[in-house]
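Some notes on the structure that comes next.
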Amino acid sequence: MSVPADLADRVSEALGALYRHPNQTLLAWYRYAIYDALVVDHTYASYAARAWLDVLSVQHVLFCWQPYARRGWPTTWLQPTDLLGQAEQILQGLIDPAIVQRQITRAAALADVIGEPVTSAQYPAWCVFEAARRALQSAWIARTHDVPPAAPSGGAAGAVGLDDASWYAAIAIAGSRTPAFSDPRMGTAHAARASAAADLAAQLRWTFFWEWWLREAIPQAALIARSSAVL
């Protein structure tokens with residue numbers, strides 16, 4: 001699958017950085033450089049590619065939600081699959097953006113009131129929900145070219161400027177918060193926590209996710225956006 005030359009360059013740089021990093025972490029500035037390359041021409045298709053990348057990332061980790069759902073998350077409450085379904089619908093022009101805006105606000109309220117704190121053992125699974133609501137935000141932005149209707153809740157990730165859906169998806173699939181504190185986008189040090197290395201299996205899941213994201217998800221998102229964009 002071909003991608004624009006500038007985007008291919010950013011992906012190549014990010015792959016090299018991933019392998020060079022001692023924790024094989026994809027630092028935020030590489031991710032955000034990729035996001036900038038995706039939307040460089042400011043067309044609907046480019047914003048849709050950015051949103052589809054979020055959607056694909058959440059689809060990749062949806063299975064991580066099941067243990068959390070079995071712990072008592074009511075089926076009548078919003079599920080990550082609900083948010084993801086609406087993200088796909090709005091990108092396909094099948095749903096009113098006003099409906100999606102209300103859903104984003106509702107999801108943000110649920111996260112603020114009953115979401116897991118970063119200190120919780122269940123936080124990695126909860127990150128599937130966080131990833132899904134950000135994917136829905138990205139899709140809403142792509143369709144409306146507007147600012148997000150609801151600011152994401154804070155927490156440790158927000159404190160260092162890490163608030164993209166893919167970041168939460170990586171935490172979910174790794175099953176550990178440890179890698180999240182080794183990526184100081186705004187210069188905030190978390191050395192004590194970063195030094196407590198995740199177990200090897202979690203670290204491998206973390207690295208494999210970013211390899212998949214760079215090698216497969218990005219070109220797939222670009223292809224979907226080009227082939228299914230609705231003006």
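Structure above, values below:
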item: Residue that is nearest to THR207 (Cα to Cα) [pool: residues in segment 21-31 that are modelled with pLDDT under 95 and open to solvent by 10 Å² or more (accessible area, probe 1.4 Å)]; result: GLN24
item: Single residue of ARG133, ARG205, ARG193 found to be open to solvent by 50 Å² or more (accessible area, probe 1.4 Å), part of a helix (DSSP H, G or I), among the charged types (D, E, K, R) and modelled with pLDDT of 90 or more; result: ARG205
item: Every residue from segment 57-111 that is part of a loop (DSSP other than H, G, I, E, B) and either open to solvent by less than 50 Å² (accessible area, probe 1.4 Å) or closer than 19 Å to ALA131 by Cβ (or both); result: ARG71, TRP73, PRO74, TRP77, LEU78, GLN79, GLY93, ILE95
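The values are calculated or read from the model by the stated rules, or taken from the named source; none is laboratory data. Because the structure is predicted, anything quoted here is derived from the model rather than measured. Using ideal geometry, Cβ is built from the backbone for each residue, glycine included, and neighbour counts are taken over all protein chains shown. Ligands, DNA and RNA are stripped out before the accessible areas are found, and what is left, the full protein with its side chains, is counted by its heavy atoms. Shrake-Rupley method; radii C 1.70, N 1.55, O 1.52, S 1.80 Å.
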